[in-house]
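K.L.:
The structure's right below; bear with me while I get my questions together.
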Amino acid sequence: MPLKHLRRLERLHFLRDKRGAAAVEFAFVAMPFLALCGSVFQVAFQIWATQNFDRALQNAVRTIFTGQFQIANAGQTDAATLLAALKTTMCGPATASIVNVFNCQAVKIDVATSSTFAGATASTPINATTGTWNTSFGTNYACAKPGTIVIVTAAVQFPTFFNLMGLNTRKFSSGTGAGSSLLTSTAVFRTEPYQIVGTSPC
């Protein structure tokens, strides 16, 4: 058989040979598919964690709403001690923590008051310039008297497992937990006209 016919047959055989085509096609499809699956998992898990975080905070602020927390801590003026007590109300004691999908012991809480709902402003947990915690966040506690408007803001770092498909869930770019997302929850309410026994708890 002439040489040119042999070469033509070789080319035809090469064109018909589809061994490995499935592997090549899978390589093209796998990365976008896995990125999409990872993004769905990250968003779904973070939504679940946010709902869990909101519920935990609501359970804690209910004690401020009714005045129970203020009365139980009457005479205490140290903000750090009061915030730690509020976090214990939210998370349970260190020896018997309430089960959550976030690190409850790392939660930071700010408690502020306002004269009007229109003027109520939530604290900002992150410094956008430095990409880490605001140094003042988690250090403020304002005692709420009966009928006071209260703003409670809680925040905690949350791990980012997948950051593909342009999710941009990472909020911390520096410091401890760089690359983490942020869970935040805010409650704004007016305390009940709870009954004060003796001197004011504030």
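The values are calculated or read from the model by the stated rules, or taken from the named source; none is laboratory data. Please read these numbers as outputs of a predicted model, since none were measured by experiment. Note: ideal-geometry Cβ built from the backbone for every residue, glycine included; neighbour counts use all protein chains shown.
K.L.:
Here is a list: Asp54, Asp17. Which entry is among the acidic types (Asp, Glu), surrounded by 13 or more Cβ atoms within 10 Å (Cβ to Cβ) and either at pLDDT below 90 or under 30 Å from Cys143 (Cβ atoms) (or both)?
P.N.:
Going through Asp54, Asp17 in turn, just one is among the acidic types (Asp, Glu), surrounded by 13 or more Cβ atoms within 10 Å (Cβ to Cβ) and either at pLDDT below 90 or under 30 Å from Cys143 (Cβ atoms) (or both): Asp54.
K.L.:
When region 107-135 is examined, which residues are found to be among the aromatic types (Phe, Trp, Tyr) and surrounded by fewer than 17 Cβ atoms within 10 Å (Cβ to Cβ)?
P.N.:
Within region 107-135, Phe117 is the sole residue that qualifies.
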